[in-house]
Amino acid sequence: MSTFTVKAYGAESTTADLKEMNIERRDTTLNDVEIEILYCGVCHSDLHTARNDWGGTMYPAVPGHEIVGRITKTGADVTKFKVGDLAAVGCMVDSCGTCESCKKDLEQYCLNGFTGTYNGKDKHLGGHTFGGYSQKVVVDQNFVLKVPENLDLAALAPLLCAGITTWSPLRHWNVGPGSKVAVIGLGGLGHMAIKLAKGLGAEVTLFSRTPGKTEDAKQLGADHVVISTEEAEMDAVKGKFDVIIDTVPYIHDVNPYVTTLNISGTLVLVGYLGGLEPILNTVPMIMGRKSVAASLIGGIAETQEMLDFCGKHNIVSEIEMIKMNEINEAYERMLKSDVRYRFVIDMQSL
């Protein structure tokens, strides 16, 4: 298969800083579109992959799965897009297409494993896929999304991961007007959960450990803020929430939050991967048919639905724009939660 070379930014090893490198992209096949990348959001997963925190990273690693750009070339069989169209790519660039999950538009749960935008198995060129920290990307049209023209393109980028990660559970658990939703944690995911839940018509509460986030949360659309370290405030919301979106990315005690669910309420983990400690107490769950569940991004149809909704309701992320060569510093700041609320790379700077 013929290829072409593009500039990218990636890591050569677990301990290496990200730096400029050249990578190969495939020429467009019949069903592909080639996208010139204008903006790429920066996700915690990018950092975890670059540093092999989860194991299994293949090097060189080129992260980036919140991609917004313009189509520069299309394959002969492409019907959904034309050259010049704005387009977006999220966390997946392929799936088997034939399993029960894929048939239900749940490619994120592909039973044969979806192909990640980076660090996935590249079935065209062999080796592994490279992400959006690069000049261009070539993707099957069925994994490319249409972009609402009215939204700020840079601020739209994080919707492709932070947005869909919170939208999917809000939709699956039927959040709408009259729903009482709480969000744990105010970062990249948390701030999107607030905006989207509010957009869907819910009454939204933020759980925060520190009073410092109250003003920000209200500006983003939260109706209430509960300081989770204050016993009296936690007691006041016992049995209140239909759905809690838990965006905390590290191990933490979910038991105090379970008691704030109402009958048949669900707490959905979207930030943390791993075992829960302290152990989950089932008593409040059994006594109120309460659930602790989890959710992963969303399928392509659902992601398009979210982008269309955001276009209609003018919802985008709060971002800080950086140049490509500032990425290593941005990673360090991200580890300290020193970003409000998502970094986005201006890819022209590459």
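This model, with +1 at the C-beta of Lys and Arg and -1 at the C-beta of Asp and Glu, gives segment 162-294 a dipole about its Cα centre of some 420 debye.
The HN-Hα couplings worked out from phi for segment 117-125 by the Karplus form 6.51 cos²θ - 1.76 cosθ + 1.60 (θ = phi - 60°) are 4, 9, 6, x, 7, 8, 6, 7, 9 Hz, whole numbers, x standing for Gly and Pro. Once you divide the Cα radius of gyration of segment 44-143 by 2.2 N^0.38 Å, the number left is 1.11. Of the residues LEU261, ASN52, LEU125, the one whose Cα sits farthest toward the positive end of the charge dipole of the chain, with +1 on the Cβ of Lys and Arg and -1 on the Cβ of Asp and Glu, is LEU261.
The Cα center of segment 178-231 and the Cα center of segment 106-177 differ in position by 25 Å. The angle separating the long axis of helix 188-199 from the principal Cα axis of greatest extent in the chain is about 70 degrees.
When the Cα gyration tensor is reduced to axis lengths a ≥ b ≥ c, the ratio a/c stays below 1.5 for segment 218-271, which is therefore classed as rounded.
In terms of accessible area, using a 1.4 Å probe and ignoring ligands and nucleic acids, GLU149, GLU329 rank largest first as GLU149, GLU329.
Rounded to the nearest 20 debye, the dipole magnitude of the chain is 480 debye, with +1 charges on Lys and Arg beta carbons, -1 on Asp and Glu beta carbons, and the Cα centre as origin. Each of the peptides 33-45, 265-277 was scored by the mean count of other Cβ atoms within 10 Å over its residues; in descending order, highest first, they stand as 33-45, 265-277.
Does segment 304-345 come out rounded, prolate or oblate by the C-alpha gyration tensor, with a ≥ b ≥ c the root eigenvalues, rounded set by a/c under 1.5 and, if not, prolate when a/b is larger than b/c and oblate if not? Since a/c reaches 1.5 and a/b is larger than b/c, the shape of segment 304-345 is classed as prolate.
In this structure segment 1-118 gives 43 Å² per residue of accessible area when probed at 1.4 Å with all protein chains present.
Per residue, the accessible area of segment 225-327 comes to 48 Å², computed with a 1.4 Å probe over protein heavy atoms only. Values of log10 I(q)/I(0) for segment 6-74 across q = 0.15, 0.16, 0.25, 0.29 Å⁻¹ run -0.56, -0.63, -1.14, -1.27, by the Debye formula with one identical scatterer at each alpha carbon and no solvent. Grouping the Cα pair distances of segment 95-237 into 10 Å bins from zero gives a pair-distance distribution of 10, 30, 30, 20, 9, 1 percent in increasing distance order.
The shape of segment 162-294 comes out rounded: with a ≥ b ≥ c from the C-alpha gyration tensor, a/c is under 1.5. Under 5 Å between amide hydrogens, built in the peptide plane, is the criterion, and for ASN262 it picks out LYS240, PHE241, ASP242 among residues at least 5 positions away or on other chains.
To put it simply, the accessible area of segment 77-168 at a 1.4 Å probe is 49 percent carbon and sulfur. Between helix 300-313 and the chain, what is the angle of the helix's C-alpha long axis to the longest principal axis, kept within 0 to 90° and rounded to the nearest 10? Once rounded, the angle reads 70 degrees.
Considering only VAL147, TRP173, CYS110, and ranking their Cα positions along the charge dipole of segment 49-208 that arises from unit charges at the beta-carbon of Lys, Arg, Asp and Glu, the one farthest toward the positive end is VAL147.
Taking every DSSP helix (H) stretch of at least 4 residues in the chain, weighting each as -39,500 (n - 2.57) and dividing the sum by the residue count yields a mean residue ellipticity at 222 nm of -6000 deg cm²/dmol. Between the listed residues MET285, ALA232, GLY190, the Cα displaced farthest toward the positive end of the dipole of the chain, a dipole computed from Cβ unit charges relative to the Cα centre, is found at MET285.
The values are calculated or read from the model by the stated rules, or taken from the named source; none is laboratory data. Keep in mind that this is a model prediction, so the values were computed, not measured. Glycine also receives a Cβ, built like all others from the backbone with ideal geometry; neighbour counts cover every protein chain displayed. We work out accessible area using only protein heavy atoms, side chains counted, and drop any ligands, DNA or RNA first. Shrake-Rupley method; radii C 1.70, N 1.55, O 1.52, S 1.80 Å.
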